[in-house]
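Presented below is the structure to which this report refers.
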Amino acid sequence: MKYFLITYGCQMNQSDSERIASLLESINYKSAPQINGADLIIVNMCSIRQSAVDRIDGLMNKINKENTGKTKKVKSILTGCILKNDFKKLKKYFDFVLPIKTLKTWPALLKEKRFFYYPDQRNSNFNKKFQSDYFNTIPKNQSNYSALITISSGCNNFCTYCVVPHTRGPLICRPHQDIIKEVKKIIQNGGKEVWLLGQNVNDYKSGKVDFPKLLKLINDIDGNFWIRFTSPHPKNFSDKLIKTMVACKKYKHYLNLPIQSGDNQILKKMNRPYTVTQYKNLVKKIKKNIPDISLSTDVIIGFANETKKQFKNTLKLLEEIKYDMAYFAVYSPRPQTVGLKLKNSLSKSEKEKRYKSLTKIIKETALENNKKYIGQTTEVLINEAKKGLLIGKTDTYKTVIFEGKKNLVGQFVKVKISKITPFGLKGILML
Ligand code: SF4
């Protein structure tokens with residue numbers, strides 16, 4: 001039996017897809033190279049944007065049309081972060097709609113004809129029943145050397161634009177002992193990089209172990225490997241964490257610190273409990289302690305009828321902070337969120353115009369920041385080989401392209417940087 005897995009969403013969704021692959025392969029399913037040869041199609045979705053829902057709608061419509069009249073019955077599962085409205089809209093295309101946390105029950109359920117289960121993700125009985133099974137399904141890492149490690153699931157922050165607290169439920173932290181065990185195993189098997197994943201890693205708590213302590217415990221594991229994490233919330237990014245980042249030599253100097261808006265009124269409407277000044281002071285402190293840190297951020301464009309003046313504050317902030325990268329999302333109101341009740345009549349063309357202005361600034365600041373790399377020799381972890389070229393990441397998470405042999409994929413190498421673009425470096429492999 002073969003399965004084909006489609007993932008829409010963030011690294012958490014990717015990590016969940018690795019869990020699904022691990023479970024299916026434990027019951028003798030094999031991965032199909034193409035959707036056409038599959039007996040089981042799984043769509044692991046994220047409801048955070050309407051565009052993802054629309055894409056699934058289009059894709060499944062096409063697949064179901066192609067399969068009409070065929071004798072081979074292909075089964076399909078929808079899972080991931082699903083809002084109730086999206087569940088109602090999409091369930092017609094699928095044989096099963098199942099919460100990701102119920103993964104261990106899937107083998108038995110697959111014997112049924114159809115089955116839909118949409119519990120309240122915030123229900124404590126549901127979480128008690130399934131949470132540890134979910135955490136204990138060790139993902140089948142897609143990469144042999146870079147692993148996504150879930151440290152918590154869910155979120156209690158309720159930013160007003162965000163569906164996560166509704167689709168993933170409350171924050172539940174994975175016991176630190178299990179995380180350490182998983183990381184040790186990955187490193188023993190040749191892993192070179194671990195990403196610690198949580199909706200807000202700063203909220204992590206397992207007994208007396210908070211996030212800085214967890215970082216330290218992972219840093220103390222023997223082996224030559226890099227540690228990265230995502231995402232931290234600016235509201236509770238502690239001095240203790242900054243100190244730990246400095247002290248942990250395996251923590252690499254890249255940080256995604258989501259601002260979402262450079263305007264205080266908008267931040268308040270978003271239920272992001274920090275001001276622009278507080279955020280800037282935090283960045284100052286981080287840069288003072290880790291001068292070579294590479295910073296990225298997330299920005300939502302056009303939230304709650306963001307005015308031109310409010311948007312200009314975000315532009316100003318980007319110019320001031322001089323990020324290395326930023327991820328921009330044009331706001332679309334989502335069901336079940338408070339944001340849905342706020343005005344949202346800004347035109348698509350205005351949002352696109354703002355998107356372009358932000359992109360222009362980030363290209364300029366990233367290019368400026370990259371100038372310091374020219375002539376430097378830097379360590380690179382090689383991620384892939386493509387058309388005779390190797391592609392990897394620096395410790396500061398810059399993409400580097402250079403010539404080299406395919407068998408170096410998954411290795412640390414030294415590369416001398418010769419050229420730069422806003423979002424990439426080119427160099428020569430040093431032997
Ligand atoms: S911190 Fe806010 S944006 Fe992040 S997952 Fe939680 S509610 Fe969503």
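The residues listed here are Ile56, Ile48; of these, the one that is in contact with a Ser or Thr (Cβ under 9 Å, 6 or more places away or on another chain) and either crowded, with 19+ Cβ neighbours inside 10 Å or of a type in the set (D, E, K, R) (or both) is Ile48. What number of residues within segment 369-388 are of a type outside the set (Ser, Thr, Tyr) and more than 26 Å from the chain's Cα centre (by Cα)? Count: 7. If the condition is being among the small types (Gly, Ala, Ser), away from the ligand (no atom under 16 Å from the Cβ) and part of a loop (DSSP other than H, G, I, E, B), then segment 145-195 contributes Gly190, Gly191. From the list Asn271, Asn264, the one residue that fits, being of a type in the set (S, T, N, Q), within 16 Å of the ligand (Cβ to nearest atom) and surrounded by fewer than 20 Cβ atoms within 10 Å (Cβ to Cβ), is Asn271. Remark: pairs (first residue in segment 104-132, within 15 Å of Phe87 (Cβ to Cβ); second residue assigned to a helix (DSSP H, G or I) and among the basic types (Lys, Arg); Cβ separation under 6 Å; 6+ apart in sequence or on different chains) = Phe116/Lys91. Evaluate the following for Val415: is it under 26 Å from the mean Cα position of the chain (by Cα), farther than 17 Å from Lys322 by Cα and not assigned by TED's automatic domain parsing to the domain that holds Asn189? So Val415 does not fit the description; no.
The values are calculated or read from the model by the stated rules, or taken from the named source; none is laboratory data. Here the structure is a predicted model, which is why all the values come from computation and not from measurement. All Cβ positions, glycine included, derive from the backbone under ideal geometry; neighbour counts span all protein chains shown.
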